[in-house]
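So the structure is just underneath, and the comments pick up after that.
Any read-out appearing in this document is the output of simple, stated calculations on the displayed coordinates, not a laboratory observation. The structure presented is a predicted model; accordingly, all values stated were derived computationally and were not measured. Quick reminder, even Gly has a Cβ in these numbers, built from the backbone with ideal geometry, and neighbours come from all protein chains shown.
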Amino acid sequence: MTSRLASQTVRTHFDSPLGPMTLAASSQGLCGVWFDGQKHQPDTSALAHDPGHPVLLQAQAQLADYFAGQRSVFDLPLDLDRGTVFQQSVWRALLSIALGDTAAYGTLARRIARPLAVRAVAAAIGRNPISIIVPCHRVLGANGALTGYAGGLDRKAALLQLERPV
């Protein structure tokens, strides 16, 4: 367990169509959604397993609706306090990218008033602790290329396909 995951944090599992996931919640809200084995996933094995936690139940239901094509917006309390101030600003900026839209890394850097910090923005996006719900998969390279996703480029492509307007 990392020191950034407090002892009050609990976890559960969710079987998504793109593979098993671990979800974590603190007293402030959802603080983790990771595809099992993805890059930068913290060790959550020491966290109490609590499949009945209300936020985790909500997250599971909303993710199931999302994967079924029945949800375009998530409505969950989020705890984004486990990163640096800079990372938190990037993660909050990700929340402004609507379903069906994408943004370039440079666009996000400008959005947080750090236009020269494109690489730092990309690094913060790679450390996003709340996959899908904080939609880092909607960020593309400057030329629209599918680049970087901690859960794997195949999952990023699948998520973007799922969100593609019909």
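Grab the alpha carbons of the range 57-135, take their convex hull, and tell me the volume per residue in Å³.
Numbers: hull volume 6.9 nm³, N = 79.
Hull volume over Cα atoms, normalised by residue count, gives 87 Å³.
Averaging sequence separations of C-alpha pairs under 8 Å and six or more residues apart, then dividing by the length of the range 13-130, give the relative contact order as a whole percent. Could the numbers behind the result be given before it?
Working: 124 pairs, mean separation 30.0, N = 118.
Relative contact order of the range 13-130: 25 percent.
Taking Cα pairs under 8 Å and at least six residues apart, what relative contact order does the range 4-53 come out at, in percent?
Numbers: 69 pairs, mean separation 18.6, N = 50.
Across the range 4-53, relative contact order equals 37 percent.
In whole Hz and in residue order, list the ³J(HN,Hα) couplings for the range 63-75 that follow from phi through the Karplus curve 6.51 cos²θ - 1.76 cosθ + 1.60, θ = phi - 60°; x for Gly and Pro.
So the Karplus estimates, Gly and Pro as x, are 5, 4, 4, 4, 5, 7, x, 10, 9, 10, 9, 8, 10 Hz.
Write down the Kirkwood hydrodynamic radius of the range 10-67, to one decimal in angstroms, obtained as one divided by the mean of 1/r over all alpha carbon pairs.
Roughly 11.4 Å, rounded to one decimal.
Using helices alone, what [θ] at 222 nm do you get for the chain, with -39,500 (n - 2.57) per DSSP H run of 4 or more residues, divided over all residues and rounded to the nearest 500?
Values: 5 runs with 51 residues, N = 166.
The helix contribution divided over the chain gives -9000 deg cm²/dmol.
Once the dipole of the chain is set up with Lys and Arg at +1 and Asp and Glu at -1 on Cβ about the Cα centre, which of 99, 64, 21 lies farthest towards its positive end?
About the Cα centre, the residue reaching furthest to the positive side is 99.
Which whole-number percentage describes the relative contact order of the range 61-131, with Cα contacts under 8 Å and a sequence gap of 6 or more?
On the way: 42 pairs, mean separation 19.2, N = 71.
Relative contact order comes out at 27 percent.
Which of the peptides 89-100, 124-135 is most tightly packed, and how do the rest follow, going by the mean number of other Cβ atoms within 10 Å of each residue? Each step should come with its number before you reach the end.
On the way: 89-100: 17.6, 124-135: 22.5.
The packing order, highest mean first, is 124-135, 89-100.
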